[in-house]
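The values are calculated or read from the model by the stated rules, or taken from the named source; none is laboratory data. Quantities reported herein were computed from a predicted structural model and do not represent experimental measurements. Glycine also receives a Cβ, built like all others from the backbone with ideal geometry; neighbour counts cover every protein chain displayed.
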Amino acid sequence: MYDILLFYKYTHILDPQSFAKAQRELQARLRLTGRTIVASEGLNVTLEGTSENVDEYLRVFLADPRFANTHIKRSPGTGSAFPKLSVKVRSEIVALGLGVCDIDPNVMTGTHLSPEELHAWFRQGREFYIVDMRNAYEHEVGRFTGSVCPPMENFRDLPKFVKSLEHLKNKTVLTVCTGGVRCEKASGYLLSQGFTDVFQLDGGIVSYMEKYPNEDFEGKLYVFDNRIHIGFYTDDPKHKVIGRCVGCGSLSERFTNCTLDVCHRQMIVCESCEQAEPVRCKVPCRDRFSIAAGV
């Protein structure tokens, strides 16, 4: 049996290089695969391994007082979700790219809202606005009903789109993302921009889906490994496919990459359209890259 771990922790790490080295040695010893990003602001981790080795990893990791209360997301694995082990040191564990003015979630962040509290909000009819801090292609296959989805290609695009959210400055705003690491930093950024009532979904969308499968979140959740996306009880009649093929518009949850060498953007393409012709982005991607690609 294999398990996949997804977690992050914003906490000050004085020597990221030494910490990364220790993580690399521990993960390699336990034959784990996946990605770990370490920075002075914390760490961001997705790993897969046998259930026994994952247990041992967590025993060692959570024994460190800095990480004892880390929100760990654990789900069944396949044994092939990641091709290798990667442990890297970066300036941020998720890149917002504000430089010296960057947001430190250890200092400024929104109020954590549990999945249970969000579930109650939906059913109480409370006025609030979900702002999805994931990339545009992630929104295409799954999202909360009625959520605001800025068309970001990368998380660092958020400052470009914050003006489009100004009408929500005095409203209750809930930021969401896959596991929590982006929406935690995003909530602090919105507060720094004058938003007054900002929450973040504790544990991210995956935690909500685990507790309330096929409720409020439509479609599947995009994940950055070989599974591509995940769902819970997808044979449930309440499961709703919302993704649409960029070629013919039919309902689909099948991802492939743009065939332009300078692009390779992920997009939803049904099998028929992929077999019919090379898969390429529509405007504006095609306009941006067609000259460079010679097409």
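Which ones in the range 221-250 are under 13 Å from Phe144 (Cβ atoms) and buried (at least 19 other Cβ atoms within 10 Å of the Cβ)? Selection gives Leu221 alone. Take the conditions touching a residue at least 12 places away in the same chain (Cβ under 8 Å) and outside any strand (DSSP E or B) and apply them to Glu218. Does it pass? For Glu218, the condition - touching a residue at least 12 places away in the same chain (Cβ under 8 Å) and outside any strand (DSSP E or B) - is not met. Could you grab me the full set of residues in the range 76-115 that are outside any loop (DSSP other than H, G, I, E, B), among the hydrophobic types (A, V, I, L, M, F, W, C) and in contact (Cβ under 8 Å) with a residue 40 or more places away in the chain? Answer for the range 76-115, where residues must be outside any loop (DSSP other than H, G, I, E, B), among the hydrophobic types (A, V, I, L, M, F, W, C) and in contact (Cβ under 8 Å) with a residue 40 or more places away in the chain: Leu85, Val87, Val89, Leu113.
If you go through the range 52-65 one residue at a time, do you hit one that is in contact with a Ser or Thr (Cβ under 8 Å, 6 or more places away or on another chain), assigned by TED's automatic domain parsing to the domain that holds Tyr10 and either surrounded by fewer than 15 Cβ atoms within 10 Å (Cβ to Cβ) or not aromatic (Phe, Trp, Tyr) (or both)? Yes, that holds for at least one residue. Within the range 243-255, can one find any residue that is in a loop (DSSP other than H, G, I, E, B), closer than 20 Å to Ala81 by Cα and out of contact with any helix residue (DSSP H, G or I) (no Cβ under 9 Å at 6 or more places or on another chain)? Scanning the range 243-255, I find no residue that is in a loop (DSSP other than H, G, I, E, B), closer than 20 Å to Ala81 by Cα and out of contact with any helix residue (DSSP H, G or I) (no Cβ under 9 Å at 6 or more places or on another chain), so the answer is no. Taken residue by residue, the range 218-225 has at least one member that is at pLDDT 90 or above and of a type in the set (Asp, Glu).
The set of residues in the range 88-120 that are surrounded by 19 or more Cβ atoms within 10 Å (Cβ to Cβ) and of a type in the set (Gly, Ala, Ser) contains only Gly110.
Selection of the range 159-184 for residues being within 23 Å of Glu140 (Cβ to Cβ) and either β-branched (Val, Ile, Thr) or surrounded by 23 or more Cβ atoms within 10 Å (Cβ to Cβ) (or both) yields Val162, Val173, Leu174, Thr175, Val176, Cys177, Thr178, Gly179, Gly180, Val181, Arg182, Cys183. Consider the range 101-129 and keep the residues that are closer than 15 Å to Gly188 by Cα and of a type in the set (A, V, I, L, M, F, W, C). The one that is modelled with the lowest pLDDT is Cys101.
Matching residues to (1) at pLDDT below 95; (2) touching a Ser or Thr at 6+ places or on another chain (Cβ under 9 Å); (3) of a type outside the set (A, V, I, L, M, F, W, C); (4) under 26 Å from Val241 (Cα atoms):
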| site | (1), (2), (3), (4) |
| --- | --- |
| Gly142 | no, no, yes, yes |
| Pro151 | yes, no, yes, yes |
| Phe155 | yes, no, no, yes |
| His167 | no, no, yes, no |
| Tyr212 | no, no, yes, yes |
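Among the criteria (1) assigned to a strand (DSSP E or B); (2) basic (Lys, Arg); (3) over 23 Å from Asn154 (Cα atoms), the one Arg35 does not fulfil is (3).
Only one of (1) over 30 Å from Leu190 (Cβ atoms); (2) loosely packed, with under 14 Cβ neighbours inside 10 Å; (3) in contact (Cβ under 8 Å) with a residue 60 or more places away in the chain; (4) of a type in the set (D, E, K, R) fails for Glu48. Which number is that? Tallying (1) over 30 Å from Leu190 (Cβ atoms); (2) loosely packed, with under 14 Cβ neighbours inside 10 Å; (3) in contact (Cβ under 8 Å) with a residue 60 or more places away in the chain; (4) of a type in the set (D, E, K, R), Glu48 fails exactly one: (2). For the range 234-248, the count of residues that are in the same structural domain as Thr145 (by TED's automatic domain parsing), touching a residue at least 12 places away in the same chain (Cβ under 8 Å) and touching a strand residue (DSSP E or B) at 6+ places or on another chain (Cβ under 8 Å) is zero.
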